[in-house]
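S.K.: There's a structure below that I have some questions on.
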Amino acid sequence: MNSFKKRHRIITKDSKISLAVVKKRRQINGIKDVISLLKSKNAQIRNSAALTLRDMQDNKAVKPLMKAIKDPGNKKDCGTLVYALEVLDCSKCLLTLVDLALHGNYEVQNHALTIITEQSFKANPKDISKARAMIEKYLRHPNKCEDYQLLIADLEKHLLRIGQKGTVLFK
């Protein structure tokens, strides 16, 4: 392994060092290199990549972040991945965000709700119906989160607002 690769590989458990190395890789190799780190089996590396992508605020990162979030192997460690989406254009991701709000852990739920609350969405009546069907299915499920009534109230409020605005929600 050459000296550059030795200096820039990410094998640390120290999050500050990991983040610094990812940011250095971004400067040298660009967004594609950072996006490729979302495929890592190491949650620390994925999180550092997600935080770097958040800092970059490049919407090219939305699809790779969504893919990493949906990866079953990342289910327990995707809060930072969802957090990274907060500053990116998620206007086409309403149904995925509703699903994350309903089925994610506390951190994932909060970040998904923040995105639903603060961003604009391209949603047609069919999307709104699908989202409401997801909520109905969730309500029939026996394993709901502790404060599910608040969660459902928030989601319904935002879906109503999205639906009233036609195809696009404006803050």
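S.K.: If you wrap a convex hull around the C-alpha atoms of region 99-160 and split its volume per residue, what is the figure in Å³?
M.R.: Working: hull volume 4.6 nm³, N = 62.
Taking only Cα atoms, region 99-160 has a hull volume of 74 Å³ per residue.
S.K.: Under a crude label model (7 Å from the Cα following the beta-carbon direction), how far is Lys39 from Leu139 in nanometres?
M.R.: Here the modelled spin labels are 4.2 nm apart.
S.K.: Let me ask another. What does the accessible area per residue of region 22-125 come to in Å², with a 1.4 Å probe and no ligands, DNA or RNA counted? Present the calculation step by step, with values, prior to reporting the outcome.
M.R.: Working: 5110 Å² over 104 residues.
For region 22-125, the solvent-accessible area averages 49 Å² per residue.
S.K.: A further question on this structure: Quick one: which of Lys32/Lys126; Lys32/Lys130; Lys75/Lys130 span more than 31 angstrom between C-alpha atoms?
M.R.: Working: Lys32/Lys126 34 Å; Lys32/Lys130 33 Å; Lys75/Lys130 23 Å.
Lys32/Lys126; Lys32/Lys130, as the Cα separations exceed 31 Å there.
S.K.: To continue, here is another question. Just subtract the alpha-carbon distance of Asn110 and Ser129 from 0.36 nm times their residue separation and send over the number in nm, one decimal. Could the numbers behind the result be given before it?
M.R.: Values: separation 19, 0.36 × 19 = 6.84 nm, distance 2.25 nm.
That works out to 4.6 nm of additional length.
S.K.: Hey, any idea what % of region 39-117's accessible area is carbon plus sulfur with a 1.4 Å probe? Numbers along the way, then the final one.
M.R.: Details: 1830 of 3720 Å².
Carbon plus sulfur share of accessible area: 49 percent.
The values are calculated or read from the model by the stated rules, or taken from the named source; none is laboratory data. As the structure is a prediction and not an experimental result, all values here were calculated from the model. Neighbour counts run over all protein chains shown; Cβ positions are idealised from the backbone, glycine included. Please note that ligands, DNA and RNA were not included when accessible areas were found on the heavy atoms of the full protein model with its side chains. Shrake-Rupley method; radii C 1.70, N 1.55, O 1.52, S 1.80 Å.
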